[in-house]
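What follows is a single structure, written as structure tokens, with notes after it.
The values are calculated or read from the model by the stated rules, or taken from the named source; none is laboratory data. Just so we're clear, the structure is a prediction, and the values are computed from it rather than from any experiment. Please note: Cβ atoms are built from the backbone with ideal geometry, for glycine as well, and neighbour counts cover all protein chains shown. Ligands, DNA and RNA are stripped out before the accessible areas are found, and what is left, the full protein with its side chains, is counted by its heavy atoms. Shrake-Rupley method; radii C 1.70, N 1.55, O 1.52, S 1.80 Å.
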Amino acid sequence: MTTGRQSKKNEEGGECMTKYAVELFFDERTEQYIRGLWRELEQNGITDSMMSIADIQPHLTVAVYDDLEAGEFEEEIAFFMQGAPSLPVRFDSLACFPASGTLFLSPAVTAGLMQLHQRFHSRFHKLRPKAAPYYLPGSWNPHCTLAVNLSSVQLKEAFHYILDRFSPFQAGLQQIGLVQLTFNEEQLCIRSRTIFTLPLTDA
């Protein structure tokens, strides 16, 4: 079954664009913590940018592609991930990408995290022509998004809100998965649907 890049009509009649992301997912405690921050930002009238994305899960993105053969890719990544250990990560930093209005938590960049990322892109080198450059080795800045597409005023407000509530914490990366991203005609992500996940094994 081909699941490549697609354009289709959304419910309002506009064009939607589809891409695919490879993402690392957290332990349950960390997932609920991140979701709680998303809800607080929405409930306090700062931004609903994450809560408005259907089906999204807290994550670290390893790669983004314009299109993929999902069935074939699942078999390949399952073979690649055999014996890959679950990874502890520590979040010490709150940061932002001002150009895209993105607020995020930044994990400590450990040898294990970088090795997994490098091994993945080496193994799937054939997909590089379809890959978003910001997620390739040498350009990757791992992050867990708290808000996106903020104005400078919103970004400052969101940053200070989270800053007053944030303390460094330890998390676990326990799954890797393929996610279908749907963007509307304004290039805003409106859905992040997980196609499949595979467990990382206990270290």
In units of 2.2 N^0.38 Å, the Cα radius of gyration of the chain is 1.01
Using a Förster radius of 22 Å, what is the FRET efficiency between Ser100 and Asn184 based on their Cβ-Cβ separation? Nearest 0.05, please. 0.85
Run the accessible area of the chain with a 1.4 Å probe and give the carbon-and-sulfur part as a rounded percent. 50
Checked the stretch 14-80 with the C-alpha gyration tensor, a ≥ b ≥ c its square-rooted eigenvalues, rounded below a/c of 1.5, otherwise prolate if a/b is larger than b/c and oblate if not; verdict oblate
10 Å binning of all Cα-Cα separations within the stretch 103-185, expressed as whole percents from 0 upward: 12, 37, 34, 15, 1
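Give me the extension gain from Phe196 to Gln118: residue separation times 0.36 nm, minus the current Cα-Cα distance, reported in nm with one decimal. Write out the running numbers ahead of the final one.
On the way: separation 78, 0.36 × 78 = 28.08 nm, distance 2.15 nm.
Residue separation times 0.36 nm, minus the Cα-Cα distance, leaves 25.9 nm.
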Expected vector for the stretch 185-200, Karplus 3J(HN,Hα) from phi with 6.51, -1.76, 1.60 and θ = phi - 60°, integer Hz, x for Gly and Pro, equals 5, 8, 6, 9, 6, 10, 8, 9, 9, 6, 7, 7, 10, 10, x, 7
Using a Gaussian network model of the chain whose springs link C-alpha atoms within less than 10 Å, name the residue from Phe104, Phe26, Phe73 with the highest mean-square fluctuation. Phe73
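Per residue, how much accessible area does the chain have with a 1.4 Å probe, in Å²? Display every interim value, and only then the final one.
Details: 10160 Å² over 203 residues.
Computed with neighbouring chains in place, this is 50 Å² per residue.
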Once you put a point 7 Å from the Cα of Asn44 and another 7 Å from the Cα of Lys156, both along the Cβ direction, what distance in nm separates them? 1.6
Which value in deg cm²/dmol, rounded to the nearest 500, describes the helix-derived mean residue ellipticity at 222 nm for the chain, given -39,500 (n - 2.57) per DSSP H run of n ≥ 4 and division by the residue count? -8000 deg cm²/dmol
Whenever you get a sec, line up Met51, Met17 from highest to lowest accessible area (probe 1.4 Å, protein heavy atoms). Met51, Met17
With labels modelled as points extended 7 Å from the Cα through the Cβ direction, what inter-label distance (nm, one decimal) is found for Glu31 paired with Ala111? 3.1
